[in-house]
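K.L.:
A single structure is presented below for examination.
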Amino acid sequence: AQSVTQLDSHVSVSEGTPVLLRCNYSSSYSPSLFWYVQHPNKGLQLLLKYTSAATLVKGINGFEAEFKKSETSFHLTKPSAHMSDAAEYFCVVILAGGTSYGKLTFGQGTILTVHP
Amino acid sequence: DAGVTQSPTHLIKTRGQQVTLRCSPKSGHDTVSWYQQALGQGPQFIFQYYEEEERQRGNFPDRFSGHQFPNYSSELNVNALLLGDSALYLCASSLVTGVETQYFGPGTRLLVL
């Protein structure tokens with residue numbers, strides 16, 4: 001079985017300060033991990049993807065995430081928040097094998113608020 | 001290059017009715033997956049189609065069915081609608097089944113009254 005837990009339902013930061021969105025996963029097989037962003041009334045946009053290459057993954061708009069197998073974590077960070085980063089962020093796992101092969105499993109989402 | 005497109009954008013139905021949602025995948029993609037996103041929750045996997053066959057299915061009742069056409073476009077059908085079926089329905093396409101990145105359309109928002 002596979003699952004994803006986003007540790008914070010809401011995160012609030014000031015513009016220009018760092019962003020940290022936390023994600024833990026569990027899986028029986030080697031996972032691929034993604035972060036997607038969803039702006040209000042919009043579809044999901046891929047931020048970045050981990051597929052067992054480099055453990056530090058760089059994505060779009062200055063975001064990056066580090067895969068830590070020992071901690072089963074895949075936290076999303078950005079050094080300096082921008083007002084346009086305000087959105088809902090989803091951590092997602094997909095397995096390379098087993099009965100859940102090819103199926104995306106989403107976390108519950110973290111709503112990021114950015115204050116001026 | 002067009003991305004994933006879905007139609008309609010919004011839909012209002014009453015309990016017991018049937019609905020059909022449509023999805024055209026990103027150019028060059030052959031796999032389509034459908035997700036249901038209830039208000040305030042993350043998307044839940046409904047099923048995935050590849051080569052016109054259902055390859056994977058999530059924990060959804062048989063009222064939810066689908067189809068994939070030779071041009072890789074897909075339909076999601078829901079019969080005997082319930083109030084709880086009100087949600088944003090997302091379609092995602094990818095090149096092959098497995099761990100390839102899935103690209104999402106804007107979704108169809110369904111309201112069941």
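K.L.:
Once you charge only the Cβ atoms, +1 for Lys and Arg and -1 for Asp and Glu, what is the size of the charge dipole of the protein assembly as shown about its Cα centre, to the nearest 20 debye? Walk me through the numbers on the way to the answer.
P.N.:
Working: 16 positive and 17 negative charges, 56 e Å.
That gives the protein assembly as shown a dipole magnitude of about 260 debye.
K.L.:
Would you kindly work out the equivalent ellipsoid of chain A from its C-alpha gyration tensor and give its semi-axes, the square roots of five times the eigenvalues, largest first in whole Å? Write down the numbers at each step before the final one.
P.N.:
On the way: eigenvalues 119, 41, 28 Å².
Values for chain A, descending: 24, 14, 12 Å.
K.L.:
What does the net charge come to around A:Val92 if you take all other residues with beta carbon closer than 12 Å to its beta carbon, with K and R at +1 and D and E at -1?
P.N.:
Charge balance in the 12 Å sphere: +2.
K.L.:
Please give the average number of partner chain Cβ atoms lying within 10 Å of the Cβ of each residue in B:43-53, rounded to a whole number. Could the numbers behind the result be given before it?
P.N.:
Values: counts 9, 3, 6, 0, 1, 4, 0, 1, 0, 0, 0.
Partner Cβ neighbours, averaged per residue: 2.
K.L.:
Obtain the radius of gyration and the Kirkwood radius of the protein assembly as shown from its C-alpha atoms and give Rg over Rh. Could the numbers behind the result be given before it?
P.N.:
On the way: Rg = 17.5 Å, Rh = 18.1 Å.
In the protein assembly as shown, Rg relative to Rh is 0.97.
K.L.:
Using only Cα atoms, locate the centre of the range A:13-28 and the centre of the range B:4-53, then give the distance between them in Å, rounded to an integer.
P.N.:
A separation of 28 Å, based on Cα centres.
K.L.:
Oh, and also: Shape of chain B from its Cα gyration tensor (a ≥ b ≥ c, root eigenvalues): rounded if a/c is under 1.5, otherwise prolate when a/b > b/c, or oblate? Working shown, then result.
P.N.:
Values: a/c = 1.74, a/b = 1.60, b/c = 1.08.
Here chain B falls in the prolate category.
K.L.:
Just to confirm, what accessible area per residue do you get for the range A:1-107 at 1.4 Å probe, in whole Å²? All intermediate terms of the calculation are to be shown ahead of the outcome.
P.N.:
Values: 5000 Å² over 107 residues.
Spelled out: the 1.4 Å probe surface of the range A:1-107, per residue, equals 47 Å².
K.L.:
Here is a follow-up. Whole-Hz Karplus ³J(HN,Hα) for the range A:30-40, in order, using 6.51 cos²θ - 1.76 cosθ + 1.60 and θ = phi - 60°, x for Gly and Pro?
P.N.:
For the range A:30-40, the Karplus-derived couplings read 4, x, 9, 10, 9, 10, 10, 10, 10, 7, x Hz, x marking Gly and Pro.
K.L.:
Could you run the Karplus curve 6.51 cos²θ - 1.76 cosθ + 1.60 with θ = phi - 60° over the range B:84-91 and give me ³J(HN,Hα) per residue in whole Hz, x for Gly and Pro?
P.N.:
Once θ is set to phi - 60°, the couplings for the range B:84-91 become x, 7, 4, 5, 8, 9, 10, 10 Hz.
K.L.:
Still on this structure: If you take the beta carbon distance between B:Thr20 and B:Thr101 as r and set R0 to 25 Å, what does 1/(1 + (r/R0)^6) give as a FRET efficiency, to the nearest 0.05? The partial results should precede the final answer.
P.N.:
Numbers: r = 27 Å, r/R0 = 1.08.
Efficiency at R0 = 25 Å is approximately 0.40.
The values are calculated or read from the model by the stated rules, or taken from the named source; none is laboratory data. Note that the structure is a prediction, hence the values are computed from the model and not measured. Every residue, glycine as well, gets a Cβ built from its backbone with ideal geometry; the counts of neighbours run over all protein chains shown. Just so you know, the surface numbers come from the protein's heavy atoms only, side chains and all, with ligands and any DNA or RNA stripped out. Shrake-Rupley method; radii C 1.70, N 1.55, O 1.52, S 1.80 Å.
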